[in-house]
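*Asks:* Dropping the structure in here first, questions after.
The values are calculated or read from the model by the stated rules, or taken from the named source; none is laboratory data. All values derive from a computational prediction rather than experimental measurement. Glycine gets a Cβ as well: all are built from the backbone with ideal geometry, and neighbour counts include every protein chain shown. Calculation scope for accessible area: heavy atoms of the full protein, side chains included, ligands and nucleic acids excluded. Shrake-Rupley method; radii C 1.70, N 1.55, O 1.52, S 1.80 Å.
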Amino acid sequence: EDTPAAIETPKPRGVVKVFGVDIRIIVLCLLVVQNACQMLSMRYTRVGAGALATPYLSSTAVVLSELLKVAACFAILAYTHRGKTFSMVYDQVLVNWQDTLKVSVPAFVYMLQNNLLYVATANLDAATCQITYQLKILTTALFTVTMLGRSISMQKWAALMVLVVGIALVQLPSIAAKTGAAAAGNPVLGLSAVVAACFMSGFAGIWFEKILKSSPTSVWVRNIQLGSMGAILGLIASLWKDGAAIQAGGFLQGYTPLVYSVVAQVGMGGLIVALVVKYADNILKGFATSLSIITSGILSFYFIPALKFSPTPTWFIGTSLVLAATFLYSLPDKPKPAPTSTDAK
């Protein structure tokens, strides 16, 4: 697999480094920053001074971000392969269509997951839905064990459970403010939908990780495969969900330079996530995402008063738990005791 010239891979340990720094640290830090900026930008376009009388359609933004991701990958491949880009992509994406179908599985599962979340929010109050959805951290770890064959120590399982509680408490103040009364509907159906969405989130993430790490295909080609399928499925979902609005106001209604920047952040975020999954794993991605939620809260409180975020004691407790979980997970596992002569007998 080709990598940019700045990346060197020391053979003894196989750890990829960029300018002497472990690439896992780089991509995880990038993900924290990107996620925090994306959350703040999205929020600002909806409720801040950037909000317009005619809001943009989020379903069309998803399609554009997927297309941007594909275009960015083409540009990277054009730089690294010098004239062989189109033939290579044609061979690996269209000729080898069976491989492309494998990558389309997570795109399809994510689409089902998003529809299940719509069912969940229609039948549960916002707090129950959002807090229950944090179980996706544990389902991701579960699929890491079952699909990738990795072992997770009790110490790391404990850290993951603390993370689930912590991120739920961090999000509780903001979602509680949106919750007036309990949502009308079928709570059993809503809870079943959100739990199913958790399992789909974990499955799709680990499936993509397994594909990235078990084949020599470039991560950029993988993103072209995933982005192409995501754009097609996203366009279908957009026309199904917002077809009337698109016909009335156009596909790009409500778009401003700030909205286009959100689209760019989402598209680039998809590339960063792929790099995190390639060089780290989905569990570390969950920690980075959780830290980005805290980062966005701090930034919005100090620098973006228009978002009207005020940290509460619950938020501080949740933040402390997330940081403690991150530290606990980063600690090396205790070495297993060596078998004694008695055990050998």
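*Asks:* All but one of (1) more than 26 Å from LEU160 (Cβ to Cβ); (2) touching a Pro at 6+ places or on another chain (Cβ under 9 Å) hold for LEU258; state the number of the condition that does not hold.
*Replies:* Every listed condition holds for LEU258 apart from (2).
*Asks:* Scan the stretch 72-88 residue by residue and report those that are touching a Phe, Trp or Tyr at 6+ places or on another chain (Cβ under 7 Å) and over 17 Å from LEU271 (Cα atoms).
*Replies:* THR85
*Asks:* Does the stretch 175-202 hold any residues that are open to solvent by 60 Å² or more (accessible area, probe 1.4 Å) and modelled with pLDDT of 60 or more, and which are they?
*Replies:* Hits for the stretch 175-202 are ASN186, PRO187, VAL188, LEU189, LEU191, SER192, PHE199.
*Asks:* Another one. Among all residue pairs at least 6 apart or on different chains, which show Cβ distances below 9 Å where the first residue, located in the stretch 15-32, is at positive phi and the second is of a type in the set (Asp, Glu)?
*Replies:* PHE19/GLU8; GLY20/GLU8
*Asks:* Go through (1) at pLDDT below 85; (2) open to solvent by less than 30 Å² (accessible area, probe 1.4 Å); (3) under 27 Å from LEU275 (Cβ atoms); (4) hydrophobic (A, V, I, L, M, F, W, C) one by one and return the number of the condition ILE167 breaks.
*Replies:* (1)
*Asks:* Would you point out which residue out of THR342, THR289, THR319 is modelled with pLDDT under 85 and assigned to a helix (DSSP H, G or I)?
*Replies:* Within the list THR342, THR289, THR319, the selection yields THR342.
*Asks:* State whether the residues of the stretch 149-156 include one that is of a type in the set (A, V, I, L, M), open to solvent by 20 Å² or more (accessible area, probe 1.4 Å) and at pLDDT 85 or above.
*Replies:* Yes, the stretch 149-156 contains at least one residue that is of a type in the set (A, V, I, L, M), open to solvent by 20 Å² or more (accessible area, probe 1.4 Å) and at pLDDT 85 or above.
*Asks:* While we're on this one: I'd like to know if the stretch 239-247 contains one or more residues that are closer than 24 Å to THR45 by Cα and in contact with a helix residue (DSSP H, G or I) (Cβ under 6 Å, 6 or more places away or on another chain).
*Replies:* Looking through the stretch 239-247, at least one residue is closer than 24 Å to THR45 by Cα and in contact with a helix residue (DSSP H, G or I) (Cβ under 6 Å, 6 or more places away or on another chain).
*Asks:* Same structure, new question: In this structure, is ARG46 modelled with pLDDT under 90, basic (Lys, Arg), over 17 Å from the mean Cα position of the chain (by Cα) and open to solvent by 40 Å² or more (accessible area, probe 1.4 Å)?
*Replies:* It is true that ARG46 is modelled with pLDDT under 90, basic (Lys, Arg), over 17 Å from the mean Cα position of the chain (by Cα) and open to solvent by 40 Å² or more (accessible area, probe 1.4 Å).
*Asks:* Please state which of the following conditions SER296 fails to meet, knowing it meets all the rest: (1) at pLDDT below 90; (2) under 16 Å from the mean Cα position of the chain (by Cα); (3) more than 22 Å from GLN171 (Cα to Cα); (4) not basic (Lys, Arg).
*Replies:* So SER296 meets the others, but not (3).
*Asks:* While we're looking at this one, here's another question. Closer than 24 Å to LYS285 by Cβ, open to solvent by less than 40 Å² (accessible area, probe 1.4 Å) and either of a type in the set (Ser, Thr, Tyr) or assigned to a helix (DSSP H, G or I) (or both): does that describe LEU40?
*Replies:* Judged against the criteria, LEU40 is a match.
*Asks:* Tell me, yes or no, whether the stretch 82-98 has at least one residue that is within 23 Å of the chain's Cα centre (by Cα), in a helix (DSSP H, G or I) and of a type outside the set (Lys, Arg).
*Replies:* Checking the stretch 82-98: not a single residue is within 23 Å of the chain's Cα centre (by Cα), in a helix (DSSP H, G or I) and of a type outside the set (Lys, Arg).
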